[in-house]
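Participant: One structure coming up, written as structure tokens, with questions to follow.
The values are calculated or read from the model by the stated rules, or taken from the named source; none is laboratory data. None of the values given here were measured: they were computed from a predicted structure. Note that we place each Cβ from the backbone using ideal geometry, even for glycine, and neighbour counts take in every protein chain shown. Please note that ligands, DNA and RNA were not included when accessible areas were found on the heavy atoms of the full protein model with its side chains. Shrake-Rupley method; radii C 1.70, N 1.55, O 1.52, S 1.80 Å.
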Amino acid sequence: MNEPESDGIEIDFSEAPEDERWDGFLSHLPGTHHEQSGVWARFRQHFGWRPARWLAHRDGRIVGGVQVLIRKVSRLGEIGYIVRGPLCEAGQADVEEILVEKVTAYARQHRFVYQVFDCPYRSRSLGTILTRSGYVPHPPSIPPSGLITATLILDLEPNLDTLFGNMRTTVRRYVRNGERAGFEVKFGEREHLDTFRELMLAICRRRGVAPTPPQPDFFKKLWDIGKPSGFVRLFLVQLGEEIVSAAFAFTFGDTVRVWKVGWSGAYQNKYPNHLMWWSIIKWAKENGFKSFDFVWVDDHDAKLLKQGESRPEAFREGTTFFKTGFGGRLVMIPEARSRFFHPAFRWLSNPAMMRLIRSRIPQRLIRRFWNHSSG
């Protein structure tokens, strides 16, 4: 369905699970994100989400778009979740604003409980547009929670020697130690996903945290949908026949994103994980990718990094120092924004109430209410 707009822009709306035109546009857009793709939308249907998508055309070609994932929340109604969107060509701020208007009108029309924008990494004007459209900083107690606030991005334009030389001296030494120890980094296949998940659970047990995602079949469903189009890759570190470490990565657009990793905990002094990360970086460079995304940096640690901190003992999360050793640059991700449409939740838009619910007891009560209401 095409809707004419001002300045020669036409908006094409669809609720189809996938759209090859949209994925084709994203695959050539710098800084694109896999969670805006139709492949991801089709996968998320397994977990109760449905997509709605707006594509903006100018002079007969796509210049931007946005995909929202929608989920019914029991008796309350539906919520909308926009992950790393809208995505537009450079200089298309007017298109970005039109797309925000479209998804907001859709949310109001369908009586969403609320809608969340988890902003793109490179967003510049979106925060101002969302504020004008009634969106406020997303309350931490309300799903989606635990959103990424910072990451490290490694530019893959330099040659491999330069990339290797830009790493911390100790990291280069550990990579060489891993090579001398006889580890091999190979591609994994579907039959290795159970082993990967066990390695991921082993890390969670050592850290005393719950695994995310929790569903046992999550990676297999994602593999079945994403692997045929080259959307995902599994990397394994082996010593002989023993799989010691593994990494699950998204390989979409111009970026490789290492999303989840697993490690048995064995051979710590032989550095299998340093070799694994460097091998994936090397593979990404050799296969024409432009960026490597480490996906997450603890928000407390990100603030220290921004101030120039480099001592490992200063960081709250142990992986921060590990990841910075590979030479990536810190990227602070724009704050997620929400707008509440359901009358029972509109009070959350009040700045004074937002400050109140950031304290521990209100957060606990809201979380309990949410879990009860959403089932």
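Participant: Could you please state how large a percent of the accessible area of the chain is carbon and sulfur, counting protein chains only and using a 1.4 Å probe?
Facilitator: Numbers: 8700 of 17420 Å².
Ligands and nucleic acids excluded, carbon and sulfur reach 50 percent.
Participant: Also, quick follow-up: Arrange the residues Ser14, Ser310 by how much accessible surface each exposes, largest first, with a 1.4 angstrom probe. Can you show the working numbers first?
Facilitator: Numbers: Ser14 30, Ser310 80 Å².
So, going from the largest accessible area down, we get Ser310, Ser14.
Participant: Here is a follow-up. Sum up the lysine pairs in the stretch 205-291 that clear both bars: alpha-carbon distance under 28 Å and a spacing of 8 or more or different chains.
Facilitator: Lysine pairs meeting the criterion: 19.
Participant: Please find the FRET efficiency linking Lys72 to Arg316, where r is the Cβ-Cβ separation and R0 is fixed at 35 Å, and quote it to the nearest 0.05. Present the calculation step by step, with values, prior to reporting the outcome.
Facilitator: Working: r = 37 Å, r/R0 = 1.05.
Once rounded, the FRET efficiency stands at 0.45.
Participant: Between the alpha-carbon centers of the stretch 210-236 and the stretch 91-167, tell me the distance in whole angstrom.
Facilitator: 24 Å
Participant: Which whole number of Å³ per residue matches the convex hull of the alpha-carbon atoms in the stretch 56-197?
Facilitator: Working: hull volume 32.6 nm³, N = 142.
Each residue corresponds to 230 Å³ of Cα convex hull volume.
Participant: For Thr255, Thr162, Thr169, what's the largest-to-smallest order of accessible area, 1.4 Å probe?
Facilitator: Working: Thr255 5, Thr162 60, Thr169 85 Å².
From most accessible down to least: Thr169, Thr162, Thr255.
Participant: In nanometres, what is the gap between the two model label sites at Arg132 and His110, each 7 Å from Cα along Cα-to-Cβ?
Facilitator: A separation of 2.5 nm, rounded to one decimal place.
Participant: So for each of 40-52, 107-119 I average, over its residues, the number of other beta carbons within 10 Å; can you give me the resulting order with the highest mean first? Spell out each step's value before the answer.
Facilitator: Numbers: 40-52: 18.1, 107-119: 19.7.
Ranked by mean Cβ neighbours within 10 Å, highest first: 107-119, 40-52.
Participant: Using only the Cα atoms of the stretch 237-329, build the gyration tensor, take square roots of its eigenvalues as a ≥ b ≥ c, and label the shape rounded, prolate or oblate: rounded if a/c is under 1.5, else prolate if a/b is larger than b/c, else oblate. Numbers along the way, then the final one.
Facilitator: Working: a/c = 2.18, a/b = 1.20, b/c = 1.81.
Oblate shape, in that a/c is at least 1.5 and b/c is the bigger or equal ratio.
Participant: Let me ask something else. Once the Cβ-Cβ distance between Glu10 and Ala90 is put in as r, and R0 is 22 Å, what FRET efficiency do you end up with, to the nearest 0.05?
Facilitator: Working: r = 20 Å, r/R0 = 0.90.
Computed FRET efficiency for Glu10 and Ala90 comes out at 0.65.
Participant: Given springs between every Cα pair under 10 Å in a Gaussian network model of the chain, which of Asp161, Asp254, Asp12 has the largest fluctuation?
Facilitator: Its mean-square fluctuation being the largest, the pick is Asp161.
Participant: For the chain, modelled as a GNM with alpha-carbon contacts under 10 angstrom, which of Arg311, Arg337, Arg176 fluctuates the most?
Facilitator: Checking each option, the largest mean-square fluctuation is seen for Arg311.
Participant: Report Rg (one decimal) and Dmax (nearest whole number) for the chain, counting Cα atoms only, units Å.
Facilitator: Considering the chain through its Cα atoms, Rg and Dmax are 21.4, 63 Å.
Participant: Within the stretch 144-183, whose backbone N sits under 18 Å from a point 7 Å along Cα→Cβ of Glu309?
Facilitator: 149-152
Participant: Convert each backbone phi in the stretch 139-152 into a coupling constant with the Karplus relation 6.51 cos²θ - 1.76 cosθ + 1.60 (shift: θ = phi - 60°), then list the ³J(HN,Hα) values in order as whole Hz, x for Gly and Pro.
Facilitator: Each residue of the stretch 139-152 in turn: x, x, 7, 10, x, x, 10, x, 5, 6, 10, 7, 8, 10 Hz.
Participant: Along Cα→Cβ, 7 Å out, is where each label goes; now give me the distance between the ones at Ile148 and Glu191 in nm to one decimal.
Facilitator: In this crude spin-label approximation the distance works out to 3.2 nm.
Participant: Suppose every K and R has +1 on its Cβ and every D and E has -1 on its Cβ; what is the size of the dipole of the stretch 60-130 about the Cα centre, in Debye to the nearest 20? List each step's numbers first, then the result.
Facilitator: Values: 10 positive and 7 negative charges, 71 e Å.
Roughly 340 debye for the stretch 60-130.
Participant: Could you list which residues have their amide H under 5 Å from that of Trp296, counting only those 5 or more apart in sequence or on another chain, with H placed in the peptide plane?
Facilitator: It is Leu152, by chain and number.
Participant: What full-extension length gain, to one decimal in nm, is calculated for Ala266 and His300 as 0.36 nm per residue of separation minus the Cα-Cα distance? Intermediate values should be presented prior to the final figure.
Facilitator: Working: separation 34, 0.36 × 34 = 12.24 nm, distance 2.91 nm.
Using 0.36 nm per residue and subtracting the Cα-Cα distance, I get 9.3 nm.
Participant: On to the next question. With a 1.4 Å probe and all protein chains kept in place, how much accessible area does Thr149 have, in Å² rounded to the nearest 10?
Facilitator: 60 Å²
Participant: Per residue of the chain, what 222 nm ellipticity follows from adding -39500 (n - 2.57) for every DSSP H run with n ≥ 4, rounded to the nearest 500? The partial results should precede the final answer.
Facilitator: Details: 13 runs with 133 residues, N = 375.
Theoretical 222 nm ellipticity from helices: -10500 deg cm²/dmol.
Participant: Could you do me a favour and compute the accessible area per residue for the chain, 1.4 Å probe, result in Å²?
Facilitator: Numbers: 17420 Å² over 375 residues.
With all protein chains present, the chain gives 46 Å² per residue.
Participant: Turning to a different aspect of this structure: Can you tell me the convex hull volume per residue for the stretch 175-239, based on C-alpha atoms, in Å³ to the nearest whole number? The partial results should precede the final answer.
Facilitator: Details: hull volume 7.0 nm³, N = 65.
About 108 Å³ per residue, rounded to a whole number.
Participant: With a 1.4 Å probe and all protein chains in place, put Lys303, Lys227 in order of accessible area, largest first.
Facilitator: Working: Lys303 125, Lys227 60 Å².
Sorted by accessible area, descending: Lys303, Lys227.
Participant: Once Rh is set to the Kirkwood radius over Cα pairs, what Stokes-Einstein translational diffusion coefficient, in µm²/s, holds for the stretch 40-131 at a temperature of 37 °C and a viscosity of 0.692 mPa s?
Facilitator: 240 µm²/s
Participant: Give the calculated FRET efficiency between Glu184 and Arg207 to the nearest 0.05, with a Förster radius of 30 Å applied to their Cβ-Cβ distance. Display every interim value, and only then the final one.
Facilitator: Values: r = 27 Å, r/R0 = 0.89.
My answer for the efficiency is 0.65.
Participant: Related question: Would you mind computing the Rg to Rh ratio of the stretch 300-347 from its alpha-carbon coordinates, Kirkwood style for Rh?
Facilitator: Details: Rg = 16.7 Å, Rh = 13.3 Å.
On the Cα set of the stretch 300-347, Rg over Rh gives 1.26.
Participant: In nanometres, what is the gap between the two model label sites at Ser229 and Arg50, each 7 Å from Cα along Cα-to-Cβ?
Facilitator: 2.0 nm
Participant: Figure the gain on full extension for Glu241 and Arg42 (residue separation times 0.36 nm, minus the Cα-Cα span) and round it to one decimal in nm. List each step's numbers first, then the result.
Facilitator: Values: separation 199, 0.36 × 199 = 71.64 nm, distance 3.50 nm.
Taking Glu241 through Arg42 to full extension adds about 68.1 nm, to one decimal.
Participant: Now, a different point. What Rg and what Dmax come out for the stretch 280-324 when only alpha-carbon atoms are used, in angstroms?
Facilitator: Final numbers for Rg and Dmax: 12.9, 36 Å.
Participant: Sticking with this structure for a sec: Restricting to bridges with both residues inside the stretch 242-314, how much of the DSSP beta-bridge set is antiparallel, in percent to the nearest 5?
Facilitator: Just about 75 percent of them are antiparallel.
Participant: Residue farthest toward the positive end of the dipole of the chain, with Cβ of Lys/Arg at +1 and Asp/Glu at -1: which of Pro214, Val185, Phe294?
Facilitator: Pro214
Participant: Under the rule of at least 5 residues apart or a separate chain, name every residue whose amide H is placed under 5 Å from the amide H of Glu78.
Facilitator: Close amide H contacts, sequence-distant or interchain: Val73, Val113.
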